[in-house]
């Protein structure tokens with residue numbers, strides 16, 4: 001049995017004396033992970049689906065995460081959230097990683113922050129991954145929705161965190177959503193949560209994207225309920241040579257939904273070997289679809305057999321392909337046939 005990874009937690013001091021907590025797992029070339037809105041290094045590691053995401057990313061490299069100031073294990077701060085403050089925290093982590101260029105992954109709020117860092121410090125970034133992000137924060141929701149969400153978080157943080165969790169992770173099991181809601185509330189108080197969410201809506205990095213020099217992957221889920229896929233396209237359009245990959249799904253949080261497809265996509269771009277975490281494990285419905293692919297059925301025929309529309313069948317096939325790390329239906333068919341033959345022996 002493969003031994004589970006263990007994260008190591010440490011503390012760093014920013015240029016102005018604030019304490020930033022970070023966690024490191026794995027070994028090898030560094031992958032600095034800039035998280036979304038709120039984080040808690042210990043509680044996120046205890047959530048099985050989220051831990052599996054980090055373990056999948058960390059195979060063959062050193063994954064480094066941190067809690068931004070005011071969140072999780074990092075120190076509180078009197079400074080209002082700003083892009084400048086975010087970049088100072090990235091600078092603290094980057095200095096600790098050493099002089100060699102590192103891989104950088106920004107998620108949700110972390111995506112525009114990571115893009116801005118890569119533009120300002122191109123010599124530090126080997127490859128850049130932006131997931132669930134945006135170029136212009138004001139475009140991710142209407143003014144009425146923004147005001148409503150900010151007001152709810154400020155006036156009723158418990159209800160606000162639950163509502164946002166349902167938006168961020170509709171594909172996660174109810175128990176995982178409840179646990180995530182609790183750890184959001186443990187990550188920060190209502191005032192900090194509101195101010196960081198307001199920063200998300202305020203950030204606009206569209207004017208600096210042309211300065212990004214690192215090879216860049218922009219990855220997004222097609223029906224992300226928190227950030228429109230059009231903003232992923234805006235990121236990719238603004239960065240010369242950026243690759244845009246849109247995955248099926250509607251969850252904004254990277255660990256919710258088809259986590260393995262996302263991990264496979266990111267690892268392939270970073271030049272890492274296919275992850276062993278979750279590889280080859282299909283849901284019951286995906287196993288049915290794989291069997292029909294192996295039988296030579298088209299997407300339309302799969303839909304007819306299973307009572308779903310052709311587009312849904314196509315989505316299932318695509319998720320299977322990504323989960324298994326394959327490039328074609330023929331590989332899915334061959335894999336299923338081989339697995340079926342082994343089971344029959």
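Quick notes
- Annotation for region 223-239: at least one member residue is closer than 21 Å to residue 321 by Cα and touching a residue at least 12 places away in the same chain (Cβ under 8 Å).
- In region 240-313, counting only helices (runs of 4 or more DSSP H) that sit wholly within it, the ones holding 1 or more residues that are under 27 Å from residue 180 (Cβ atoms) span 259-270, 284-294.
- Hey, residue 205 in the same structural domain as residue 112 (by TED's automatic domain parsing), touching a strand residue (DSSP E or B) at 6+ places or on another chain (Cβ under 6 Å) and at pLDDT 95 or above or not: no
- Within region 21-32, at least one residue is modelled with pLDDT of 95 or more and within 23 Å of residue 194 (Cβ to Cβ).
- Considering region 2-17, and only residues there that are assigned to a loop (DSSP other than H, G, I, E, B) and over 23 Å from the mean Cα position of the chain (by Cα), the residue that is modelled with the lowest pLDDT turns out to be 2.
- Sole exception among (1) at pLDDT 95 or above; (2) surrounded by 18 or more Cβ atoms within 10 Å (Cβ to Cβ); (3) on the phi < 0 side of the Ramachandran plot for residue 95, by number: (2)
- Any chance residue 128 is modelled with pLDDT of 95 or more, in the same structural domain as residue 49 (by TED's automatic domain parsing) and at negative phi: yes
- Region 18-70: number of residues that are closer than 18 Å to residue 257 by Cβ and either in a strand (DSSP E or B) or without any contact (Cβ under 8 Å) to a residue 60 or more places away in the chain (or both): 2
- Among the residues here, residue 176 does not qualify as modelled with pLDDT under 95 and over 17 Å from the mean Cα position of the chain (by Cα).
- Residue match in region 141-153 (condition: touching a residue at least 60 places away in the same chain (Cβ under 8 Å), crowded, with 24+ Cβ neighbours inside 10 Å and over 15 Å from residue 214 (Cα atoms)): no
- Exclusive hit being over 24 Å from residue 265 (Cα atoms) and either out of contact with any helix residue (DSSP H, G or I) (no Cβ under 7 Å at 6 or more places or on another chain) or not assigned by TED's automatic domain parsing to the domain that holds residue 259 (or both), set 58, 114, 96: 96
- Leading residue by the ranking (farthest from residue 121 (Cα to Cα)) among those in region 248-265 that are surrounded by fewer than 21 Cβ atoms within 10 Å (Cβ to Cβ) and in contact with a helix residue (DSSP H, G or I) (Cβ under 9 Å, 6 or more places away or on another chain): 248
The values are calculated or read from the model by the stated rules, or taken from the named source; none is laboratory data. Just so you know, these numbers come straight off a predicted model, no measurement behind them. Neighbour counts are summed over all protein chains in view; Cβ atoms, including those assigned to glycine, are modelled from backbone coordinates with ideal geometry.
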